[in-house]
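This report concerns only the one structure given below.
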Amino acid sequence: MNTFHDLGLNEDLLKAITDMGFEKPSEVQDKAIPILLEEDTDLVALAQTGTGKTAAFGFPMLQKIDSSSRTTQGLILSPTRELCIQITNELKLYGKYCKGLNVAAIYGGASITDQAREVKRGAQVIVATPGRMKDMISRRLVDITKIEYAVLDEADEMLNMGFKEDITEILSHTPEDKNTWLFSATMPKEVARIAKKFMFEPQEITVGHKNEGSKNVSHEYFLVNSRDRYQALKRLADANPDIFSVIFCRTKRDTQRVAENLIEDGYSAGAIHGDLSQNQRDIVMKQFRTKQIQMLVATDVAARGIDVDNITHVINYQLPDEIETYTHRSGRTGRAGKTGVSMVIVSKSEVRKIKSIERIIKKQFEKKPIPNGMEICEIQLMSLANKIHDTEINHEIDPYLESINQLFEETTKDELIKKFFSVEFTRFFNYYNKAKDLNSSAEHSSSRDGGKNSSNAARYFINVGEKDGFDWMKLKDFLKDNLALGKDDIFKVDVKETFSFFNTEKEHQERVIEYFTDFKENGRFVNVEITENRGGGRGGRDRGRRRDGRKGGGDRKRRFSGSKENNEGRRSRRNDRDKSEFKTTHARPRRSRRRD
Ligand code: ADP
Ligand code: MG
């Protein structure tokens, strides 16, 4: 294997490389750097995430550009803001001894004037997301007509995100004879097409096998009923007390919801997705990097390419729509020679996807059971014991030792240990003491009523729905908080557009009805009534739902809109206001609570 020196890098770069502690080139660097330094060629490089692609194009680019000139010579397009910032920071580190070098980052959600100023200072290299780049070109805030090198980083992801047109548009402003370097983890057809369209006889290098995941990652799946997904996630987290993980959800909404629930349940979690502001995302990423957050719940797009070391677990809360995406997800762990685990929570209907993924990653999944309550208690107990054993003693405590000793004069060591552990452990024990088995067996269709006997349940209609900013979790929270009931006391919450249904045990019926008699939320009547209950709702799945929709729902809906019509004159304005007020009510910060 070559050293960085052998690859032909200059002194300025070698010094920075030493500072960064890179000892030898990674495989993609070893293959790409000599080609890019010596030849004026287009290049397609396929390598997994975490293989050092940034330096593979960054080192040659920095060496080849003229940093005494103020002309923009290099353009790097990357799919997300996070990645754009990350690449910019890396390049600044690589180029810290290159005199006069300016690298500008251009991405949405931040001040365009500030970015234009950065460019104007004479940025030889611009790192950009396609959307903002296009914007800046049309406003003539950048000039890329003289660039010599264009990099398409994470090309597969940029195309996935629908940036094809933007990329085409941007590249149309660049010179014909530039070199284009395309870096990608996978090579779907669209990438091949882009390569063909924008590149001239590109050289191709591949590191590892195309579409194959890291060797250091083991893959596990857990079969549960889909309504138990969240509980299963909590158990996986509890069974791994030192977890440092990225949890992938399919949508922004699920991402936000899962993170909120985790936080509410006492975990150190955070969300990152496209609906958050740049500032919010920066804060969350910083907390994650510094391990203030143990669990980062993310969408694929937001987490793409994010480079955080030492991630122990990737958890697929839901499988991605595109199976290829699984490779990217699992590539977040098992980096830098460390081992990692990629876990997938699946329901029965998704099990066949596991087989398809196995074919792509050329590795077998291990089917594992969700740990039961007592197993988790044991793990937590031993983890606590180890932590205490390894704790360095804080001698600030010494002056108080005498009075503490007095207090425990009569207590034996055994007793003391037991008491000590009980402080922390009882919480877990109480929570998991009667916890049910979450494992779904593929053979029998399990009861879906969450252990609630539907004949003993009351089903209610309530005249708020999606239009008022509710989803089922929010409605459940709203009911739980108002009625001072526990999480499990409200179930089968089914939110429709303008109205919803939910169940409680019959014993709570009176209290629910009473509470919502003449109940107003922000000036609006919230009406709750018992519906004809045939054990419907979520439990009966589609059949039950349809029945509700027709029977109860149909005429309830009419009733509700009827009452709106009474206020026809003020209707639209009032409704708008009501809606927004509902939203703010539910957007309030959640009380921090323990796990139970
Ligand atoms: P990719 O773009 O392929 O996902 P990155 O370029 O983000 O990978 O690199 C992943 C991490 O590895 C970064 O933290 C980077 O600083 C580090 N890295 C890159 N090259 C080397 C090397 N030769 N030796 C050690 N660490 C490296
Ligand atoms: Mg990268």
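The values are calculated or read from the model by the stated rules, or taken from the named source; none is laboratory data. Since the model is a prediction, treat every value here as computed from it, not as a measurement. When the accessible area is computed, the model is the full protein with side chains, heavy atoms only, and any ligands, DNA or RNA have been set aside. Shrake-Rupley method; radii C 1.70, N 1.55, O 1.52, S 1.80 Å.
The table that follows gives values for the structure above.
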item: Ser138 accessible area, assembled protein chains, probe 1.4 Å, Å²; result: 90 Å²
item: The range 233-253 and the range 135-165: distance between their alpha carbon centers, rounded to Å; result: 34 Å
item: In Å², nearest 10: area of Tyr515 left accessible to a 1.4 Å probe; result: 80 Å²
item: With every protein chain in place, the range 320-378: carbon and sulfur % of accessible area (1.4 Å); result: 51 percent
item: Residue-normalised accessible area of the range 358-421, given per residue in Å² at a 1.4 Å probe; result: 86 Å²
item: Where Trp472, Trp181 fall by accessible area, highest first, once all protein chains stay in place (1.4 Å); result: Trp472, Trp181
item: Global geometry of the range 260-333, whether rounded, prolate or oblate, following the gyration tensor of its Cα atoms and the 1.5 cut on a/c; result: rounded
item: Protein-only accessible surface order, largest first, of Lys178, Lys215 at 1.4 Å; result: Lys215, Lys178
item: Residue-normalised accessible area of the range 204-274, given per residue in Å² at a 1.4 Å probe; result: 33 Å²
item: Å² of accessible area per residue within the range 29-128, as computed with a 1.4 Å probe and no ligands counted; result: 34 Å²
item: Candidate residues Asp282, Asp6: accessible-area rank, largest first, probe 1.4 Å; result: Asp6, Asp282
item: Rounded percent of accessible protein surface that carbon and sulfur make up, the range 177-273, 1.4 Å probe; result: 48 percent
item: Surface/4 estimate of mean projected area, convex hull on alpha-carbon atoms of the range 197-333, nm²; result: 10.3 nm²
item: Global geometry of the range 247-401, whether rounded, prolate or oblate, following the gyration tensor of its Cα atoms and the 1.5 cut on a/c; result: prolate
item: ³J(HN,Hα) computed for each position of the range 522-528 - Karplus, 6.51 cos²θ - 1.76 cosθ + 1.60, integer Hz, glycine/proline x; result: 6, x, 10, 6, 9, 10, 10
item: Accessible area of Leu438 in the full protein assembly, 1.4 Å probe (Å², nearest 10); result: 0 Å²
item: Accessible-area composition of the range 1-127, carbon plus sulfur, in percent [1.4 Å probe]; result: 47 percent
item: Enclosed volume per residue, in Å³, of the convex hull spanned by Cα atoms of the range 117-208; result: 103 Å³
